[in-house]
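Read-outs: derived from the displayed coordinates by stated rules, not from any lab. Note that the coordinates shown come from a computational prediction; the quantities given were computed from them, not determined experimentally. In this analysis, Cβ positions are derived from the backbone assuming ideal geometry, glycine residues included, and neighbour counts consider all displayed protein chains.
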Amino acid sequence: MEEINDTHPSKKKGALGGLTSVFSGIPVLGWLLGALVAVILEHYLGDPLVDRIGLDKIPVLFGAVIILKKPLMIPGAAVFLLLIYVIPIAVVARAGKSFSNRLAGKLMEFPIAVPTLVHLGLLYGAIHIWSDVSAYRVLTLKLMFVAIMLTLSLNVINGYMGEFSCSHPGFMALGAYGASVFTVLLFSSDRLFGDPLLPEALGPFLFPVGLIFGGLIASLGALVIAIPSFRTRGDYLAIISLAFLFIVKSMIENLEFVGGPRGLSGQPNYANLPTVFIWAVLCVWIINNFVRSTLGKALNAVRDDEVAADAMTVNTRRTKMVAFMFAAFWAGVAGGLYAHVLRYVNPGTFGIQKLAEVLAMVYFGGLNSVYGSITGAVSLSLLGEALRPLEIFKWIIIPLLLILVMIFRPTGLIAFREFDVRKVMQPKSNSDDEV
Amino acid sequence: MVFFFQNLINALQWGSFYAMIALGYSMVYSILMLFNFAHGDIFMVGAYIGFGVATGLVALSASGFLALPGWMILVLTILLSMFLTSFVGMIVERVGYRPLRDAPRASAAITGLMIGIMLETGNLILLGARRVSFPPLIESVTYNVGGVFVTNKKIMIVLVSLSFMLALHLFVQKTRYGMAMRAMAFDYVVVPLLGIPINTIARLTFAIGSALAAVAGILFGVAYPVLDPYMGIVFGWKAFVAAILGGRGSIMGATLAGFLMGFIEIFVAMVFPSTLRDLIAYSIILLILVFRPHGFFGEPYSARLRL
């Protein structure tokens with residue numbers, strides 16, 4: 001592990017060093033303000049600018065499609081990115097440096113909830129305006145948030161507790177079907193369940209109940225794995241969890257009342273962007289607190305040496321059980337959101353491929369780290385979308401990238417680092433700038 | 001009773017595929033304590049290499065340049081594909097496993113998974129998303145033994161795979177390389193001190209495992225002559241389950257568990273609707289592991305083992 005080395009940018013030499021020192025003392029708040037300005041610019045000036053430059057439409061994912069598909073338009077896309085994103089963000093962040101530092105300092109004087117809410121509000125504002133441009137962006141973001149939840153919850157088991165659990169898509173499937181049955185049965189007319197039982201106006205309010213219901217079903221399912229985990233671990237537990245995954249998938253395929261292998265559709269459109277965002281934030285918040293609690297430290301103790309942990313009065317059975325059920329709960333909630341984002345689920349979704357995807361995100365981002373999980377989920381899901389124009393070659397490049405990451409950083413990009421909200425939001429002191 | 005024996009024959013054939021693949025997992029596991037998650041896809045690659053070799057030999061034979069009988073082509077196909085596929089295994093070892101030998105074990109599992117995806121995708125890019133059919137090399141002859149129908153292919157498959165398993169057993173027990181493998185499985189730290197080149201042994205293990213997977217792939221192609229790029233996933237994961245079920249790193253256990261896997265699948269499908277096959281098969285395996293968590297021939301769990 002290296003120390004975080006962001007306090008001495010002056011050590012770096014050259015043009016890059018100069019650039020980093022110019023942008024060093026900017027707090028997260030400053031970058032968020034810059035991003036907000038950029039997306040507002042794109043919202044109002046994007047279309048006229050696109051006409052002027054000669055692009056077809058606004059580059060949806062930072063020009064990834066254009067770079068890979070239409071090389072002739074690369075200069076136009078580069079100009080667009082420069083004018084809309086790079087320059088405004090850089091200018092606003094740099095010019096507002098002392099202002100944002102002072103503001104961040106002021107905010108930190110309030111209880112921690114206030115600055116957190118301000119930051120999240122700004123982040124959501126930027127994301128919302130950014131996603132307003134196209135429905136594709138909205139879908140990408142929603143799936144990204146679901147991926148963050150999944151990755152974090154798998155990291156609790158695979159990273160913090162050190163087991164190799166393969167059952168996550170199974171938990172996700174349980175949650176997805178639990179929540180879908182709840183909402184479809186109560187609020188929508190469907191060929192399997194008939195007319196809605198409750199007035200549809202209640203739906204959005206009871207949607208969280210449905211998600212929690214799905215999560216609870218998933219955590220009940222987790223008992224199947226948690227109880228054998230008292231007696232075995234490592235590879236045998238991996239197989240037990242793998243068997244669980246296949247059992248869940250096969251069971252759903254055989255349950256005719258949820259549609260069998262054809263899947264279940266007709267979920268009402270409750271999972272809009274704010275809902276998914278709020279759930280993702282809740283998930284990050286709760287899991288982060290969980291892994292920093294005594295129980296969370298007990299997970300690390302069980303991972304590093306079970307006998308020693310037991311001797312130091314860690315109740316290993318209770319720890320394992322709680323960790324599995326907790327992680328499964330969040331995987332179930334993520335599954336429920338996933339089902340409502342796509343508004344269709346079928347058992348085939350929750351197979352080995354999903355497993356490989358989630359595992360890749362966890363190990364790419366970094367074990368035992370909330371930062372890592374967020375990084376892994378965001379980067380791999382955005383990369384997956386950005387490389388979409390490459391079609392099949394995407395599945396050469398992404399695995400290759402992962403292999404390289406595994407070879408050079410075997411525990412992932414940002415492993416074993418604590419996520420401290422206070423540290424993230426703090427104003428950054430700089431020698432020439434008072435805070 | 002006739003029905004039972006009929007299914008027994010089918011289960012033997014089906015189980016020999018699983019057993020052959022499970023052996024590859026188990027061998028790599030026993031010496032490196034790592035699972036080669038790309039192994040299912042090496043099975044697929046082996047089947048495709050076998051397809052290529054067999055098609056080439058059939059064409060060569062048809063052109064009259066080298067008139068070979070069908071069984072001769074099959075033997076040549078098996079030998080050539082074993083040779084070629086073992087290189088795939090060695091490359092996988094070099095790229096995905098050797099750099100990660102001292103890393104957390106799960107990282108190597110990820111590289112294995114990713115190499116598997118790359119092999120599938122590479123196959124899709126090279127051959128396109130169509131299924132290919134394995135050329136029929138030997139004439140199918142059906143014998144009626146007291147009402148039980150046995151084809152010569154089934155007998156051939158079971159016999160060939162059993163003889164390869166026996167050969168592997170002899171290799172591991174009787175040769176110097178086999179002894180080195182067993183030594184590595186016994187104590188990974190001391191073995192290099194005794195002058196045993198662990199890299200060579202690891203490479204050899206991957207090569208042998210891949211060669212066995214290639215045999216399984218060709219035999220599969222002979223029995224079910226339709227190959228597709230994703231065939232390795234289903235077989236690979238089930239064989240992986242069998243390898244664990246047999247006990248960690250136990251060759252005997254992997255063989256038995258592979259056959260058991262085949263038996264469970266065939267007999268579940270015989271009694272219940274076939275859609276319930278995976279559900280019941282995996283439930284049985286889950287139960288076995290709950291009551292015997294270290295598999296058939298594995299050592300009991302001690303809390304000191306680390307992932």
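If you fit an axis through the alpha-carbon atoms of helix A:352-365 and take the longest principal axis of the Cα set of chain A, what angle between them do you get, 0 to 90°, nearest 10?
Tilt of helix A:352-365: around 40 degrees.
Which aspartates and glutamates does residue B:154 reach when only Cα atoms under 16 Å apart count, and residues fewer than 8 places away in its own chain are ignored?
The reachable aspartates and glutamates, counting only those whose Cα sits under 16 Å from residue B:154, are B:139.
Find the centroid of the Cα atoms in the stretch A:358-388 and in the stretch B:214-230, then give the distance between the two in whole Å.
35 Å
Please list the non-local residues whose amide H lies under 5 Å from the amide H of residue A:414, H modeled 1.01 Å from N, same-chain partners needing a gap of 5 or more.
Amide H to amide H, under 5 Å and 5 or more residues apart or across chains, residue A:414 pairs with A:366.
How large is the dipole of the protein assembly as shown about the Cα centre if only Lys and Arg carry +1 and Asp and Glu carry -1, each at its Cβ, rounded to the nearest 20 debye?
960 debye
Counting other C-beta atoms within 10 Å, which of B:114, A:144 has the fewest, and how do the rest follow?
By the 10 Å Cβ count, ascending, the order reads A:144, B:114.
Run the reach check for residue A:320 against lysines, Cα to Cα strictly under 20 Å, same-chain hits fewer than 8 apart removed. What comes back?
A:297
Whats the longest run of chain A with zero GluC sites (Glu not before Pro) that are DSSP loop and have at most 13 other Cβ atoms within 10 Å?
Maximal segment without exposed cleavage sites: A:4-417.
Quote the charge dipole size of chain A about the Cα centre in Debye, to the nearest 20; the model charges only the Cβ of Lys and Arg (+1) and of Asp and Glu (-1).
440 debye
Can you tell me which of A:223, A:202, A:103 moves the most in a GNM of chain A? Springs connect C-alpha atoms under 10 Å apart.
With Cα springs under 10 Å in chain A, the top fluctuation among A:223, A:202, A:103 is at A:202.
For the stretch A:117-181 and the stretch B:244-282, what is the centre-to-centre distance using only Cα atoms, to the nearest Å?
35 Å
For B:100-112, what's the mean count of beta carbons from other chains sitting within 10 Å of each residue's beta carbon?
Taking all residues of B:100-112 together, the mean is 6.
May I ask which residue of A:54, A:138, A:64 lies farthest towards the positive end of the charge dipole of the stretch A:11-152, with charges of +1 (Lys, Arg) and -1 (Asp, Glu) on Cβ and the Cα centre as origin?
A:64
Calculate the mean, over all residues of peptide B:288-294, of how many other protein chain Cβ atoms lie within 10 angstrom of the residue's Cβ.
Mean inter-chain Cβ contacts per residue within 10 Å come to 5.
I'd like the orientation of helix A:273-292 relative to chain A: the angle between its Cα long axis and the longest Cα principal axis, in ° from 0 to 90, rounded to 10.
Orientation of helix A:273-292: about 80 degrees from the principal axis.
How much mean residue ellipticity at 222 nm does chain A get from its helices, if each DSSP H run of length 4 or more adds -39500 (n - 2.57) and you divide by all residues, to the nearest 500 deg cm²/dmol?
Here the helix-only value at 222 nm equals -22000 deg cm²/dmol.
Cβ under 14 Å from residue B:236's Cβ, residue B:236 left aside: what net charge do those residues give with Lys, Arg +1 and Asp, Glu -1?
Within the 14 Å Cβ shell, the charges total -2.
Ratio of the stretch B:131-224's C-alpha Rg to 2.2 N^0.38 Å, to two decimals?
Cα Rg divided by the expected 2.2 N^0.38 Å: 1.52.
On a 0 to 90 degree scale, rounded to 10, what angle separates helix A:28-53 from the longest Cα axis of chain A?
Tilt relative to chain A: about 80 degrees.
Only four residue types carry charge here, +1 at the Cβ of Lys and Arg and -1 at the Cβ of Asp and Glu. Report the dipole size of the stretch A:126-238 about the Cα centre in Debye, rounded to the nearest 20.
240 debye
In chain B, which helices (entire DSSP H runs) extend 27 Å or more along their own long axis, judged by Cα positions, while averaging at least 0.0 on the Kyte-Doolittle scale?
The qualifying helices are B:2-32, B:39-62, B:70-92, B:105-127, B:152-174, B:198-223, B:251-271.
Rank these for me by crowding, A:31, A:285, going from fewest to most other beta carbons within 10 Å.
A:285, A:31
So which trypsin sites (Lys or Arg not before Pro) in the stretch A:40-118 end up in coil per DSSP with only 12 or fewer other C-beta atoms within 10 Å?
Answer by residue number: A:57.
Which trypsin sites (Lys or Arg not before Pro) does the stretch B:113-218 hold that lie in a coil by DSSP with at most 13 other beta carbons within 10 Å?
B:130, B:131
At what distance in angstrom do the alpha carbon centres of the stretch A:31-91 and the stretch A:279-304 lie from each other?
39 Å
Divide by every residue of chain B the summed helix terms, -39500 (n - 2.57) for each DSSP H run of at least 4, and state the resulting mean residue ellipticity at 222 nm, rounded to the nearest 500 deg cm²/dmol.
Value at 222 nm, helices only, nearest 500: -24000 deg cm²/dmol.
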